[in-house]
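Everything on this sheet refers to the single structure shown next.
The values are calculated or read from the model by the stated rules, or taken from the named source; none is laboratory data. Here the structure is a predicted model, which means the values were calculated and not measured. Cβ placement follows ideal geometry from the backbone for every residue including glycine, while neighbour counts extend to all protein chains displayed. We work out accessible area using only protein heavy atoms, side chains counted, and drop any ligands, DNA or RNA first. Shrake-Rupley method; radii C 1.70, N 1.55, O 1.52, S 1.80 Å.
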Amino acid sequence: MCVDPETLDLARWQFALTAGGHFLFVALTLGLAGVVACIQTCAVVSGASVHQRMVRFWGQLYVVNYAVGIVTGIVMEFQFGMAWSGLGHYAGGLFGASLAMETVVAFFIESTFLGMWIFGWNRFNKWVHLGLLWVVTLTAYMSAYWILITNGFLNNPVGYRSSSSGSSGSSHGSGIELADTLAVLTNPSALLAFFHILGGALLTAAVFMAGVSAYHLFRRSPEHELFRKSLRTGVFTSVPALFLTAAVGGVQLGSLSGIQPMKAAVFAGKESTIARLQAELAAQFGPGDYVPSTALTRGGAVVMLAVFALLLYVCLPGAVLACFRKAVYRFRAWHVLLMVMVPLPYVAMTAGWVFREAGRQPWVVQGLLKTEDAVSQLSAGEMRTSLAVFGTLFTLLVTVNWWLLLRTAARGPDDPALGRDERDSATDGATGGDADGGPGGGPDDGARRPVWSL
Amino acid sequence: MSQTVLETLAVALLSFFTVGYFVLGGADLGLGMVLPYLGRGPYERRLVLDAVVPFFLGNEVWLIAAAGVFTGCFPAYEGELFQGQFMVLVPLLTGWMVRDTGLWWRRNGGSAGRHILADGLVTGGSWTVALSWGWLLAGLAGGTPEQLTGGPLVVLAVPAVAALFAAHGLAFGAVRLTGKPWERARRMTGCGGHGGRVGCSRPTLALTAVAMAALPLVAGARLPLAESAVTGPVLGLLVPALLVMTPLLVAAQVWMWRALSGRSAAPRFM
């Protein structure tokens, strides 16, 4: 089976751009979810107005960001079948199950509860409303776990056996099927990546919070109490997040030579090892190029590590500075530095993914299935159309929504859309003739529910 | 459980989530299609979208779950089908993303111009999704789902399916809306006007819902699903897990609808 090489390149570009674009939003969503859930817990327990306003302000940014994450995630789910149907043919017996678990066990609940959290703001008891956000947060992490089980299997296939019939009874050619569930669910390549990403996402959110708060303190916003607390939350969270990310990342790097020796050799730049592995792989799998792109593999890793060092030099002294109220209010150079840092975790995370995914080439399932054998039988023209459509759409979405996010952030905590009680403002906006409800349309039953006005 | 029982259950789960999407997600898409007719002017359009907004996340997730079940239980066939219907899925997903973007932007405030643009995205996106579904379902029903379908079946199915989506949206509007948009929706579903009968809206919605539910079941009836199910080791774990989760998902959805429904004369969610 031979696919047009252009189709393969275009399909890879499409996957890289859509996955990268999607993850820009996932990173902040995952991190901010936990932080906002903690702030809302404080708000419910303390009842302090400043905490409640913090929930609405940071929650609004979380929702704006989340929306694009969901929209871009739609393409991700369908793309496997559309552009990479060979993967389902060969490894579907294993690979699809974790995706199914992600949608049904995690995302379904996450999405339903997120809708209730956003739109049920003044309609639930405050403890129930808090519980909704915690469910959203936990299912979001569960979602990340299942996705990384899928990705971990691609990087380090475990718990499978070959099946002559392929992944399904009527399928053509050979494939693999599940042999050891526990091995798949505890795949170190998935678990380590999960905690690495958990730390990275928390770091992204912490740096984002610190940067946005610094902007408002720099401009001497009247909301100084809210942003002082927020800046401290961000800066103090960034340090443990950074160490968690680095520690798990270190363990991952250490285990790499056992799991993916070629990736490790390219990363370390050991020419002799690369040549030896290339000869071994060619002898085992037939002639071909088994060396991933040095520029992407090494480049990705170096950028990731360099950004980590930069963040370390800013976050560690920052945690000391943040202890002094005067510095939090007046140290304007530090404010600027914190604002400038906001993009850095995104750069590190994207570079990390490039290292992980490009370094696995030419394999889509390490040592089992080559990327060129997984791509769908599509013409270059079809693939070009879809790349043009999704590429344009993603670029527009990413641009417009970052603009929206920054504008919402810059506007400050003065009555964000999230948690605004539309029933108060809407009654005077209603024009004549709108009050006649239908036979089944009773009065607004929302008014009878417990109201938690922020 | 034997492989045959598991295969049947897997097909039932896929059908259940797909039907859930057509009935629930179809209602908000349909309402988006008829938005310019029901809502004349920015305030009325806000009223109409207010009936959709608290539920659309919970509605569209049924299709995400259906696609997940499809990938998990029938991975090889999913690949074949999605690859074959590639050029239909591109506009379907595009329309879906555009519709959602419109809804989020509409909620985030902004100028009157931005509202008009957002309303346009909702309507345009909803139409694109409904028309694409017509083409996709024609492909499934036509007997060659592994390749792109053309011919008279598509010419017939595309407008018919889009009309059913719009009718379902109108019926949903006749139950959920108030004021002028409500009157227009009732008139279009044949329940309004001077001769309009009381208590006609809900049966009409039940009727369009049944038609929407039947749509994917009829179109997909001939798909070779059971024989392309994944092998025992995965199916034996996946199907019971999905079966345990499904009642919880349904309960969460019932809670959402109970907590956020109810009609009001003024927008409450955006």
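Axis of helix B:232-260 versus longest Cα principal axis of chain B: the two differ by about 10°, to the nearest ten degrees. Could you work out how far helix B:179-188 tilts from the main Cα principal axis of chain B, as a 0 to 90 degree angle to the nearest 10? Its long axis makes an angle of about 60 degrees. What chain B shows is 33 Å² of accessible area per residue, with the surface traced by a 1.4 Å probe over protein heavy atoms.
Backbone phi angles across the range B:58-67, fed through the Karplus curve with coefficients 6.51, -1.76 and 1.60 (θ = phi - 60°), yield HN-Hα couplings of x, 7, 6, 5, 5, 6, 4, 5, 4, 5 Hz in residue order; Gly and Pro are listed as x. Calculated mean residue ellipticity, 222 nm, chain A: -25500 deg cm²/dmol, from DSSP H runs (n ≥ 4) at -39500 (n - 2.57) each, averaged per residue and rounded to 500. Relative to the longest principal axis of the Cα atoms of chain A, the long axis of helix A:380-411 makes an angle of roughly 30 degrees.
Among residues other than A:Y141 with Cβ under 15 Å from its Cβ, the summed charge is -2 (Lys and Arg +1, Asp and Glu -1).
Going by a 1.4 Å probe on protein heavy atoms, which residues of the range B:90-104 end up with at least 50 Å² less accessible surface in the whole assembly than in their chain alone? When all protein chains are present, B:V90, B:L93, B:M97, B:W104 each give up 50 Å² or more of accessible surface.
Here the range A:253-392 is assigned +1 on the Cβ of each Lys and Arg and -1 on the Cβ of each Asp and Glu. Its dipole about the Cα centre then comes out at about 900 debye.
Computed from point charges on the beta carbon alone (+1 for Lys and Arg, -1 for Asp and Glu), the dipole magnitude for the range B:3-260 about its Cα centre is near 1260 Debye. Chain B contacts chain A over a buried accessible area of about 7100 Å², both sides summed; the probe is 1.4 Å and only protein chains count. Remark: accessible surface ordering of A:K370, B:K180, A:K263, A:K326 (largest first) is A:K326, B:K180, A:K370, A:K263, probe radius 1.4 Å. If you sort B:D119, A:D289, A:D415 by accessible surface, 1.4 Å probe, largest first, the order is A:D289, A:D415, B:D119. Taking 1.002 mPa s as the viscosity and 20 °C as the temperature, the Stokes-Einstein diffusion coefficient of the range B:3-260 based on its alpha-carbon Kirkwood radius rounds to 112 µm²/s. Counted over all Cα-Cα pairs of the protein assembly as shown, pairs farther apart than 41 Å make up 31 percent. Residues considered: B:L164, B:L49, B:L249. Largest GNM mean-square fluctuation over chain B, using C-alpha springs under 10 Å, is found at B:L249. With a 1.4 Å probe rolled over the protein heavy atoms of all chains, the accessible area of B:V5, A:V291, B:V61 falls in the order B:V5, A:V291, B:V61, largest first. Ranking A:S98, A:A210, B:V23 by Cα position along the charge dipole of the protein assembly as shown, where only Lys, Arg, Asp and Glu carry charges on their C-beta atoms, puts A:A210 farthest toward the positive end. If you run the Gaussian network model on chain B, springs between alpha carbon atoms under 10 Å, then out of B:A65, B:A221, B:A141 the most flexible one is B:A221. Diffusion coefficient (Stokes-Einstein, Kirkwood radius over C-alpha pairs, 25 °C, 0.890 mPa s) for the range B:206-249: 190 µm²/s, rounded to a whole number.
Surface composition of the protein assembly as shown: carbon plus sulfur atoms hold 69% of the accessible area, using a 1.4 angstrom probe and ignoring ligands, DNA and RNA. Once all protein chains are placed together, B:C73 keeps about 0 Å² accessible to a 1.4 angstrom probe. Counting only Cβ charges, +1 for Lys and Arg and -1 for Asp and Glu, the dipole size of the protein assembly as shown around its Cα centre is about 2520 debye. When the other protein chains are added to the chain by itself, burial of at least 50 square angstrom of heavy-atom accessible area (probe 1.4 Å, ligands and nucleic acids ignored) affects these residues of the range B:33-68: B:Y43, B:L57, B:V61, B:I64.
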